[in-house]
Amino acid sequence: MADTVLTSTSIEGLPKIAEGKVRDLYEVDSKTLLFVATDRISAYDVIMDNGVPSKGTLLTLLSAHWFKLLPTLVPDLRTHFLSLSLPSTIPESQRSFLQSRSMQVCRLKVFPLEAIVRGYITGSAWKEYQRSGTVHTIPIPPGLKECEAFPQGPIYTPSTKAEAGQNDQNISKGEAAEIVGPKYAQRIEELALNLYKAARDYAVERGIIIADTKFEFGLDEDTDEVVLVDEVLTPDSSRFWPADEYEVGHDQKSYDKQYLRNWLTKEGLKGKQNVAMPEDVVKGTAAKYREAFEKLTGQKWVEAIEGK
Ligand code: ATP
Ligand code: MG
């Protein structure tokens with residue numbers, strides 16, 4: 001498959017119901033969505049003008065890997081994943097660009113929360129800790145070094161899911177309970193922490209430290225179950241560090257958007273609109289994502305996209 005870049009989609013005969021920063025959502029029927037990952041990339045909540053070749057395919061195949069694996073590791077987990085196959089109604093001419101970057105999922109009411117779990121102190125959490133000795137207002141013991149694991153184990157730090165153009169806001173567990181109700185808030189926290197721990201243990205054996213990640217959940221109103229939705233444990237939604245180079249006391253090299261974020265910061269383009277990434281940033285980001293994919297799935301990227 002050639003390294004094409006797909007930053008917008010339309011499918012004949014299938015209504016598009018939403019466009020996220022990365023994904024386009026199509027209605028298959030009242031209970032099913034086709035979840036199409038484009039090659040768009042966002043950083044600091046701004047979408048870049050150009051995309052990263054095959055990134056959408058990588059995100060879809062990596063999420064599918066986790067959606068198949070996680071229910072074997074986390075008791076009573078339900079996910080929205082249905083299949084990587086395309087609905088039979090999609091015309092032949094449209095199938096090749098959608099194949100492997102699309103998954104069919106259960107259409108659910110998504111809770112307006114980002115269920116963030118942090119295992120290691122870095123990024124905005126490190127900045128807050130240096131300022132106030134807290135992370136997300138939770139007191140943290142003194143003396144932690146940058147990128148050290150939290151001594152009390154992973155912490156749950158929810159945020160709101162902002163509307164387009166707005167930034168997500170950190171909220172307390174109490175505020176999360178006010179937004180979704182205490183019963184669902186508790187289940188979301190429990191699932192997020194259990195998912196993080198299972199994924200962390202799986203990934204570290206394969207050479208990757210999952211420093212932090214974001215999950216989203218939806219509600220199956222027929223069964224009252226909290227269901228794992230969206231993408232899961234990808235370099236878009238997580239910080240992945242190479243385990244063999246891990247060292248506390250400084251920032252880590254990473255297999256995720258950090259490469260792009262560093263370039264934006266260096267160029268003074270952080271948060272600016274209409275930014276096109278230069279070729280080396282595109283290539284560097286693509287290479288990082290592929291390394292993460294290969295380590296986590298044990299599959300060679302070229303073989304994965306040829307469907308072997
Ligand atoms: P970001 O992930 O960077 O915050 P985004 O929220 O715009 O950006 P995308 O990944 O581009 O996200 O789009 C996916 C959208 O689909 C999100 O709004 C997500 O909440 C929603 N979604 C995920 N799973 C489901 C589902 N099973 N049913 C309905 N909507 C879903
Ligand atoms: Mg998303």
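The values are calculated or read from the model by the stated rules, or taken from the named source; none is laboratory data. A quick note: this is a predicted structure, and the numbers were derived from the prediction, not measured. Heads up, the Cβs are rebuilt from the backbone with ideal geometry, glycines too, and the neighbour counts pull from every protein chain shown. Calculation scope for accessible area: heavy atoms of the full protein, side chains included, ligands and nucleic acids excluded. Shrake-Rupley method; radii C 1.70, N 1.55, O 1.52, S 1.80 Å.
One decimal place: the segment residue 251-residue 190 gains 19.1 nm when fully extended, by the rule 0.36 nm per residue minus the C-alpha distance. Go ahead and estimate [θ] at 222 nm for the chain from helices alone: -39,500 (n - 2.57) per DSSP H run with n ≥ 4, summed, over the residue count, rounded to 500. It comes out at -10000 deg cm²/dmol, rounded to the nearest 500. The distance linking the range 53-114 with the range 5-24 is 14 Å (Cα centroid to Cα centroid, whole angstrom). Separation of the alpha carbons by more than 27 angstrom is noted, of 31/257; 21/266; 68/197; 16/253; 127/183; 145/257, for 31/257; 16/253; 127/183. GNM remark for the chain: springs join alpha carbons under 10 Å apart, and the peak mean-square fluctuation among 214, 31, 295 falls on 31. Taken as Cα centroids, the range 184-205 and the range 226-241 sit 11 Å apart, rounded to the nearest whole angstrom. Note on residue 73 and residue 166: their simple-model spin labels are 3.3 nm apart, each label 7 Å out from Cα toward Cβ. Of the accessible area of the chain, computed with a 1.4 Å probe over protein heavy atoms only, carbon and sulfur atoms account for 49 percent. With protein chains left intact and a 1.4 Å probe, residues in the range 109-260 average 45 Å² of accessible area per residue. Considering the chain as a Gaussian network with a 10 Å cut-off on Cα pairs, which listed residue, 92, 128, 190, attains the greatest mean-square fluctuation? Taking springs between Cα atoms under 10 Å, the residue moving most is 92. A crude spin-label estimate for the pair residue 222 and residue 273, with each label 7 Å from Cα along the Cβ direction, gives 4.2 nm. Heavy-atom accessible area for residue 4, with the other protein chains in place and a 1.4 Å probe, reaches approximately 80 Å². Take each complete run of DSSP H in the chain, measure how far its Cα atoms stretch along the helix's own axis, and keep only those covering 24 Å or more with mean Kyte-Doolittle hydropathy at least 0.0; list them. Helices meeting the criterion: 55-73. Approximating the spin labels as points 7 Å out from Cα along Cα→Cβ, the residue 137-to-residue 19 distance works out to 3.7 nm. Take the convex hull of the alpha carbons in the chain; its mean projected area over all directions comes to 16.1 nm².
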